[in-house]
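Worksheet: the structure to be examined is printed underneath.
The values are calculated or read from the model by the stated rules, or taken from the named source; none is laboratory data. Every value quoted in this text rests on a predicted model; they were computed, and no experiment measured them. We place every Cβ from the backbone using ideal geometry, glycine too, and count neighbours over all the protein chains shown. These accessible areas exclude ligands, DNA and RNA; they are computed on the full protein's heavy atoms, side chains included. Shrake-Rupley method; radii C 1.70, N 1.55, O 1.52, S 1.80 Å.
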Amino acid sequence: MGVDLRQVVAGILTLTMFVMLGQMIKRDHFDSLQDKLPGDGEDAHFESVNAIENDGLVKLSKRSKGPWMEDIQELKPCWSRTDFDEIEQSRGYVTFSLTNGPEYHVSQIADAVVVARYLTATLVLPDIRGSKPGDVRNFEDIYDVDKFMKSLDGIVKVAKELPNEISIRDLAAVKVPNRVTEDHIVESVEPVFKSKGNIRLATYFPSVNMRKTAQKSSVDSVACLGMFGTFELQSEVLEVVDSMIERLRTLSRKSNGKFIAVDLRVEILENKNCHGSGSARAKSCYNAQEIALFLRKVGFDTDTTIYLTQSRWDNSLGVLRDIFPKTYTKESVMPDEKKGKFLESEDSEFEKVIDFHICSQSDVFVPAISGLFYANVAGKRIASGKPQILVPADIPATSAAITNYLSPYVAKRNHLAYSCFC
């Protein structure tokens with residue numbers, strides 16, 4: 001009995017379609033492990049590299065060896081200072097603290113600015129609290145105070161500290177969800193503020209959801225300013241970050257100074273369930289071996305330089321260095337004279353900040369772990385014209401087009417940052 005060639009070809013095409021569909025489902029699942037927006041179940045289907053390039057999402061580099069992508073033109077804020085009415089006479093104070101690392105600081109500052117603006121209250125410069133009791137730093141230890149206060153000039157009145165006559169014990173504690181809405185402020189915050197006069201704000205995170213929404217709000221511009229336009233690193237921390245990036249670029253001569261940053265922390269991988277779930281075997285995190293195989297299959301040369309957010313080398317990372325010998329952690333690329341303060345102290349706050357900013361400025365960012373770090377690094381990269389974010393996957397074939405694994409935040413333009421920048 002003869003074989004119909006058309007049936008064979010049809011079978012191959014069908015199998016290929018199912019493999020591609022499986023990969024797209026995994027990629028979108030990684031973006032929304034804790035929160036799935038209604039009507040957002042279908043992922044974009046990318047037939048070729050040209051489809052994404054023509055849409056202006058990414059542009060593959062012709063100057064570097066490997067599947068490197070070029071930066072795009074930096075986006076401009078959709079908001080303008082002329083959008084804001086003049087602030088009324090300030091009444092009362094809003095205090096808050098920055099906690100849990102820079103990926104949380106971004107959201108905490110945005111919510112505090114929105115609340116203070118709506119209440120016409122004075123925002124008190126926050127302190128920074130680490131994971132250990134008594135681990136408290138001043139805002140200026142990490143961030144640029146002058147930049148913060150200047151950026152909010154005319155938007156929200158900012159004080160460096162509470163007046164002496166107001167006791168911390170007299171502040172009413174108020175919790176707000178991340179991306180606080182005007183309705184929530186009216187219903188749950190304003191009555192307490194009017195009653196007590198001064199409040200201490202704390203942001204909680206019911207889900208990791210940084211997708212933009214279709215519904216517009218009067219607080220959107222203020223939230224965008226708070227999230228993307230208010231804080232920069234203070235000079236000493238910025239100097240350390242810049243020196244580490246320069247070191248990584250020096251190590252990357254064969255790729256024209258380009259390097260990959262991978263958010264891979266062994267202690268988190270050990271505490272998370274990284275096994276696949278569901279029919280597509282989608283995963284929430286990937287180990288060193290899986291990241292190594294993923295990067296090779298999408299086309300990165302073994303000479304590629306990789307920066308890991310893991311603070312110090314761990315034996316479990318050996319398989320990654322076996323395939324990519326130029327794999328480094330902070331201890332390898334940080335200047336020796338800075339290690340005492342920024343690496344060898346018991347406080348990990350500096351390390352988190354350094355990782356956040358290196359991942360935001362690398363030529364490619366690969367989140368081996370889903371969550372808020374990935375979401376807010378993505379936002380910072382989108383805002384600065386660096387959309388090269390690859391969501392890892394278990395690729396069954398020996399190779400695959402890199403653009404199939406572009407983060408849905410970028411591929412679908414559904415990150416909150418696209419509401420803030422035009």
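Laid out as a table, the results:
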{"quantity": "Hits in segment 226-265 (condition: closer than 12 Å to residue 420 by Cβ and either free of Cβ contacts under 8 Å to residues at least 40 places away in the same chain or open to solvent by 10 Å² or more (accessible area, probe 1.4 Å) (or both))", "calculated": "227, 228, 229"}
{"quantity": "Evaluation of residue 384 against (1) open to solvent by 20 Å² or more (accessible area, probe 1.4 Å); (2) out of contact with any Ser or Thr (no Cβ under 9 Å at 6 or more places or on another chain); (3) among the polar types (S, T, N, Q) (one fails), failing number", "calculated": "(2)"}
{"quantity": "Residue among 312, 321 that is farther than 23 Å from residue 235 by Cβ and out of contact with any helix residue (DSSP H, G or I) (no Cβ under 8 Å at 6 or more places or on another chain)", "calculated": "321"}
{"quantity": "Single match in 162, 123 (criterion: in a loop (DSSP other than H, G, I, E, B) and either among the hydrophobic types (A, V, I, L, M, F, W, C) or open to solvent by less than 30 Å² (accessible area, probe 1.4 Å) (or both))", "calculated": "162"}
{"quantity": "Among (1) closer than 27 Å to residue 247 by Cα; (2) within 13 Å of the chain's Cα centre (by Cα) - the single one residue 337 does not satisfy", "calculated": "(2)"}
{"quantity": "Complete set of residues in segment 177-201 that are farther than 23 Å from residue 151 by Cα, among the β-branched types (Val, Ile, Thr) and open to solvent by 30 Å² or more (accessible area, probe 1.4 Å)", "calculated": "186, 192"}
{"quantity": "Hey, residue 130 open to solvent by 20 Å² or more (accessible area, probe 1.4 Å), in contact with a helix residue (DSSP H, G or I) (Cβ under 6 Å, 6 or more places away or on another chain) and in contact (Cβ under 8 Å) with a residue 60 or more places away in the chain or not", "calculated": "yes"}
{"quantity": "Check on residue 355, surrounded by 24 or more Cβ atoms within 10 Å (Cβ to Cβ) and either aromatic (Phe, Trp, Tyr) or within 20 Å of residue 268 (Cβ to Cβ) (or both)", "calculated": "yes"}
{"quantity": "Segment 304-331 - residue that is at pLDDT 95 or above, closer than 20 Å to residue 249 by Cα and more than 22 Å from the chain's Cα centre (by Cα) and, of those, surrounded by the most Cβ atoms within 10 Å (Cβ to Cβ)", "calculated": "304"}
{"quantity": "In segment 301-322, the residues that are part of a loop (DSSP other than H, G, I, E, B) and not basic (Lys, Arg)", "calculated": "301, 302, 303, 304, 309, 310, 311, 313, 314"}
{"quantity": "Of all residues making up segment 224-254, the number that are in contact with an Asp or Glu (Cβ under 8 Å, 6 or more places away or on another chain) and either part of a helix (DSSP H, G or I) or modelled with pLDDT under 90 (or both)", "calculated": "5"}
{"quantity": "Selection count where residues are over 20 Å from residue 184 (Cα atoms) and open to solvent by 30 Å² or more (accessible area, probe 1.4 Å), scope segment 105-120", "calculated": "0"}
{"quantity": "From 405, 418, residue being surrounded by fewer than 24 Cβ atoms within 10 Å (Cβ to Cβ) and in contact (Cβ under 8 Å) with a residue 24 or more places away in the chain", "calculated": "418"}
{"quantity": "Enumeration of residues in segment 202-222 that are open to solvent by 30 Å² or more (accessible area, probe 1.4 Å) and assigned to a helix (DSSP H, G or I)", "calculated": "220, 221"}
{"quantity": "Tally of residues being of a type in the set (S, T, N, Q), modelled with pLDDT under 95 and farther than 30 Å from residue 400 by Cβ across segment 64-98", "calculated": "4"}
